[in-house]
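The values are calculated or read from the model by the stated rules, or taken from the named source; none is laboratory data. Since this is a predicted model, take the numbers as computed values, not measurements. Quick reminder, even Gly has a Cβ in these numbers, built from the backbone with ideal geometry, and neighbours come from all protein chains shown. Surface accessibility is based on the protein's heavy atoms, side chains included, excluding ligands, DNA and RNA. Shrake-Rupley method; radii C 1.70, N 1.55, O 1.52, S 1.80 Å.
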Amino acid sequence: TLLQHLEKVKSTKSGHWLACCPAHDDKSPSLSICEKPDGRVLLHCFAECTVHEIVSAVGLDVSDLFPPRTEQQFIKGERRPFPAPDILRAIAFESTLVLIAAADLLAGNPFNETDRTRLALAVTRIRAALPAGGIHD
């Protein structure tokens, strides 16, 4: 659907095209189009036009770049290993330990080996909290 609205469309390989970007005065193709196997269409303008600007210029919407969802996709929800409230409680507890350790350090109280070990554990648990909730960078 998108390709029929573009000028100077050239196939570069299967599922990949270059075309003039409709969002700016393009003299030579600067828009890269890629159709993924799942039906998604990815756009990149080398003149830095946004996806919203590109699809709006041809009368389409960003949702037109994605295949229609099936009923199964709407039913299927993402499962997280741990509930968010449990993760937040764990972060709050471990953060309190870090806060106490920082206050002791500022007060000039030395850490013993047990304190250092527990502080390192608190840091490890805080860092692991997001992936444990299913959030990945």
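For region 11-53, the set of residues classified as charged (D, E, K, R), surrounded by 11 or more Cβ atoms within 10 Å (Cβ to Cβ) and over 25 Å from the mean Cα position of the chain (by Cα) consists of D26 only.
Every condition in (1) modelled with pLDDT under 85; (2) open to solvent by 70 Å² or more (accessible area, probe 1.4 Å) is met by A132 except one, and the failing one is (2).
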